[in-house]
Amino acid sequence: MSDFLLKVLVKDMKAYQNFVLNHLGEIQNMGSTHSTFVMGGIKNSYLVPL
């Protein structure tokens with residue numbers, strides 16, 4: 001069993017649905033998917049200023 005975490009940026013929910021159904025859904029042996037949505041963010045970068 002393998003787990004993966006994908007961070008997906010799409011235009012809208014229709015584009016997300018298309019991604020899940022037509023890309024992830026076409027992967028052979030895909031057991032299941034689970035989605036969590038972020039409505040806003042405090043920090044958009046992981047860069048550390050030097």
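The values are calculated or read from the model by the stated rules, or taken from the named source; none is laboratory data. The shown structure was predicted, so the numbers you read here are calculated from the model rather than taken from an experiment. When the accessible area is computed, the model is the full protein with side chains, heavy atoms only, and any ligands, DNA or RNA have been set aside. Shrake-Rupley method; radii C 1.70, N 1.55, O 1.52, S 1.80 Å.
Within the set 39, 30, the sole residue that is open to solvent by less than 100 Å² (accessible area, probe 1.4 Å), on the phi < 0 side of the Ramachandran plot, not β-branched (Val, Ile, Thr) and not in a helix (DSSP H, G or I) turns out to be 30.
Determine whether residue 25 is open to solvent by less than 80 Å² (accessible area, probe 1.4 Å) and in a loop (DSSP other than H, G, I, E, B). Even if it seems obvious, please write down each step before you answer.
Values: open to solvent by less than 80 Å² (accessible area, probe 1.4 Å): yes; in a loop (DSSP other than H, G, I, E, B): no.
No.
Test residue 13 against the stated conditions and say whether it is at pLDDT 85 or above and open to solvent by 100 Å² or more (accessible area, probe 1.4 Å). Yes; evaluated as a whole, the condition is true for this residue.
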